[in-house]
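Read the structure below first, then the notes.
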Amino acid sequence: MKGKIDSKKYLTMCLGECFGTFLLVFIGTGSVAVAVLFGAFCGLLQIAVVWGVGVTLAIYATRHISCAHLNPAVSLAMVLAKRMDSRLLPGYWLAQLVGSIIAGASVLLLFGDVISQYELAQAITRGGPESIKTAMMFGEYFPNPGNGTLFELSLSLAMLVEAMGTFLLITMIFSFTEGCNVGKPSETMAPVFIGATVTVLIALFAPLTQCGINPARDLGPRLVAWLSGWDTIAIPGPHGGFFWVYILAPLLGGAMAALCFRFVVTPLMSGKQDEACGCSVEQGKGHSATS
């Protein structure tokens with residue numbers, strides 16, 4: 001029988017998720033903003049590196065508080081993999097969304113005047129079709145507006161890209177933290193490898209969908225943009241379907257990763273290692289707020 005949830009500890013964990021998600025999304029969306037407004041980076045790889053560093057810093061800053069999921073798809077995967085009590089999920093999701101909204105609002109506060117000047121100089125009417133060029137600093141779009149109109153991308157393919165990216169991310173997170181994986185990095189270095197994974201995934205998938213792989217990262221700043229004049233360009237977006245691509249698809253990808261790792265990879269790994277090292281699978285470490 002599950003124990004009673006320690007409300008004080010639960011609140012602390014949620015605050016950790018809120019701050020960590022804020023840090024991650026603020027650094028990431030801020031990098032997109034300076035790239036769009038100032039041409040601050042030479043290419044996609046530099047933006048991907050900033051995102052990866054942001055993920056790493058956010059994990060280091062908060063993993064002692066909440067285990068630093070910072071992503072609703074990761075939290076769902078942890079529940080399905082039996083590494084987190086399902087009763088903690090609603091609070092984690094809410095905290096992640098709030099953190100991402102604060103991050104989006106902070107980016108707007110810092111760059112709002114510059115965005116307005118940029119729109120004026122580029123003859124962009126906020127809320128008009130052309131304002132996707134500035135809206136992409138907040139929410140994400142398919143195909144990536146930075147590529148102009150070079151190609152089209154169907155809704156189903158965009159969903160596949162986001163689901164696959166999230167599947168790979170969460171599979172690697174599990175691999176980096178699995179007790180019986182003799183090849184995993186040390187506990188102190190795991191955040192670096194997770195950040196590096198995000199960098200690689202963005203470099204691969206961002207040309208197609210901007211590589212969200214995190215429902216909170218998209219929804220929070222997108223809501224800020226919607227409330228700040230981007231209107232239907234923000235929600236539902238020029239092609240519609242933002243919910244399917246950037247919310248549902250990552251959750252499905254994360255769920256598939258959790259079930260695959262739990263029922264396929266972990267039994268194989270444990271069976272392989274039991275005789276060699278006698279280790280046991282690490283489940284639920286630091287993820288419980290139950291007494």
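Numbers for the structure displayed
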| item | result |
| --- | --- |
| Likely footprinting exposure, H239, H69, fewest C-beta neighbours within 10 Å first | H239, H69 |
| Candidates per trypsin sites (Lys or Arg not before Pro) in region 80-115, loop by DSSP, up to 15 other Cβ within 10 Å | K82 |
| Gyration tensor (Cα) of region 7-275, equivalent ellipsoid semi-axes in angstrom | 32, 19, 17 |
| Likely footprinting exposure, L24, L89, fewest C-beta neighbours within 10 Å first | L89, L24 |
| Residue order, fewest to most surrounding Cβ atoms within 10 angstrom, among T177, T232 | T232, T177 |
| Computed [θ] at 222 nm, deg cm²/dmol, the chain (DSSP H ≥ 4; -39,500 (n - 2.57); rounded to nearest 500) | -21000 deg cm²/dmol |
| Cleavage-rule hits (GluC sites (Glu not before Pro)) in region 51-153: DSSP loop, at most 16 neighbouring Cβ within 10 angstrom | E152 |
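Every number here is computed from the coordinates shown, using simple stated rules; none is lab data. Since we're looking at a predicted model, the values are computed, not measured. Cβ sites come from the backbone with ideal geometry, for glycine too, and all protein chains shown count toward neighbours.
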